[in-house]
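In what follows, a structure is listed as structure tokens, so that the remarks can point back to it.
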């Protein structure tokens, strides 16, 4: 059964649920908003807003835009729960280190490469699950953004501002890419009127 | 054991191939349902590229065999058919995979 591989089918299913461009648009939006926090730490509401976009807005958008067009599929719970717990633990560690870097001014210059590496790492895990060439470009983009931040710092820019610029630059690139993917998705999958439903014979 | 007896034994799984699953479209449907917890009709239609009538017909056969469960519900006043593999279906799919593997190995 070389031509008929269940792993490929699982990858296809995962990829199908993420080809709507919403990931890029909403991650870009979150990064753009969260970047404000690095300018002034009193604006921590920006971090909350960025998280809300990922936790509440993304599923709502999928319900309104993706599922009526592409259909709905729920991936296996057991695997996702395990993955979810591991991701949650790692995410808590990543945020703690990130905040540590932000509040220790001597280490603040490490923020842009740290952000770039973390985002690239998260995307790289997705690449391993989805094996989609496109995701490698996003990994490269995140790593490059870390270098951009370092470059700005080496040119005398404040590390907080450099990190914010990094976030805005990523938002400026990701949102248009996502918008194009969303446009293509909407064109390829017109909304289903309910006619495409099971008809018992 | 004669050569003839060995051949018969090695091809035994061939006679146990489940004909309900062996049809390519139904095999594809079961393969997709085996990697998700549940999926709706539209998702399967898009992924398998089967037409509405064709998919409906295959789903009816799989449901009659007790391999899948079909549940109708309304989301925003639009009917949605949720499909999932039953325990019997999961088991049958695994047996089918194992039988096919044995058959292909014995033929190579």
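The values are calculated or read from the model by the stated rules, or taken from the named source; none is laboratory data. Quantities reported herein were computed from a predicted structural model and do not represent experimental measurements. Every residue, glycine as well, gets a Cβ built from its backbone with ideal geometry; the counts of neighbours run over all protein chains shown.
Of note:
- Answer from B:29, B:21, B:17 - the residue that is more than 9 Å from every other protein chain (Cβ to nearest Cβ), surrounded by fewer than 21 Cβ atoms within 10 Å (Cβ to Cβ) and either part of a loop (DSSP other than H, G, I, E, B) or modelled with pLDDT of 90 or more (or both): B:17
- If you go through the range A:1-43 and keep only what is in a loop (DSSP other than H, G, I, E, B), touching a helix residue (DSSP H, G or I) at 6+ places or on another chain (Cβ under 6 Å) and under 23 Å from residue A:145 (Cα atoms), you end up with A:21, A:43.
- Subset of the range A:71-90 [at pLDDT 75 or above, within 14 Å of residue A:10 (Cα to Cα) and over 19 Å from the mean Cα position of the chain (by Cα)]: A:73, A:74, A:76
- Remark: pairs (first residue in the range A:173-201, at negative phi; second residue modelled with pLDDT under 80 and not in a helix (DSSP H, G or I); Cβ separation under 7 Å; 6+ apart in sequence or on different chains) = A:197/B:79.
- Test for residue A:68: is it over 30 Å from residue A:183 (Cβ atoms), modelled with pLDDT of 85 or more and surrounded by 12 or more Cβ atoms within 10 Å (Cβ to Cβ): no
- Screening residue A:81 against (1) in a helix (DSSP H, G or I); (2) closer than 28 Å to residue A:179 by Cα leaves a single unmet condition, (2).
- In the range B:38-55 there is at least one residue matching the filter, namely being more than 7 Å from every other protein chain (Cβ to nearest Cβ), under 18 Å from residue A:17 (Cα atoms) and assigned to a loop (DSSP other than H, G, I, E, B).
- Any chance residue B:79 is within 7 Å of chain A (Cβ to nearest Cβ) and either under 21 Å from residue A:66 (Cβ atoms) or at pLDDT 90 or above (or both): yes
- Matching residues, the range A:148-167, being touching a residue at least 40 places away in the same chain (Cβ under 8 Å) and surrounded by fewer than 16 Cβ atoms within 10 Å (Cβ to Cβ): A:161
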